[in-house]
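The values are calculated or read from the model by the stated rules, or taken from the named source; none is laboratory data. Here the structure is a predicted model, which means the values were calculated and not measured. Every residue, glycine among them, receives a Cβ derived from its backbone with ideal geometry; neighbour counts consider all protein chains shown.
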Amino acid sequence: MGRYIVDVEVKHKIEDCLMYNDKLTLCQKLAIGDEHGLIALQGHCLALLDKPRKVKAIAGEDEFGGLSDKLKVAALSKML
């Protein structure tokens with residue numbers, strides 16, 4: 001996939017739309033945020049991992065395996 005330069009305001013709008021999109025799973029949102037460097041989206045998703053059962057649920061999804069090690073560690077540390 002090619003990289004594009006996106007205006008900061010447009011990037012924030014995209015992140016907002018993804019944060020509140022109910023058609024994507026939390027893990028799918030994390031994967032999109034990870035792939036495209038959407039830090040606010042990643043932070044939003046990690047904040048929603050407020051219970052160990054939520055972390056276990058996303059860890060079982062296919063997309064979890066494709067996340068960067070840094071994001072996996074951040075998600076799994078929410079279980080502690």
**Study point:** Output for region 1-55, where each listed residue is on the phi > 0 side of the Ramachandran plot and aromatic (F, W, Y)
**Key:** none
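Could you pull out the residue among K29, K23, K13 that is at pLDDT 95 or above and over 17 Å from F64 (Cβ atoms)? Let's see the steps before the verdict.
Working: K29 fails: over 17 Å from F64 (Cβ atoms); K13 fails: at pLDDT 95 or above.
Every option except K23 fails the conditions.
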Review point. Residue check: is G43 touching a Gly at 6+ places or on another chain (Cβ under 9 Å) and surrounded by fewer than 17 Cβ atoms within 10 Å (Cβ to Cβ)?
Key: yes
Exercise for review: Would you be able to say whether some residue in region 2-13 is among the hydrophobic types (A, V, I, L, M, F, W, C), surrounded by 16 or more Cβ atoms within 10 Å (Cβ to Cβ) and out of contact with any Leu (no Cβ under 7 Å at 6 or more places or on another chain)?
Suggested key: no
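Within region 22-35, how many residues are surrounded by 12 or more Cβ atoms within 10 Å (Cβ to Cβ) and over 10 Å from the mean Cα position of the chain (by Cα)?
Selection size over region 22-35: 1.
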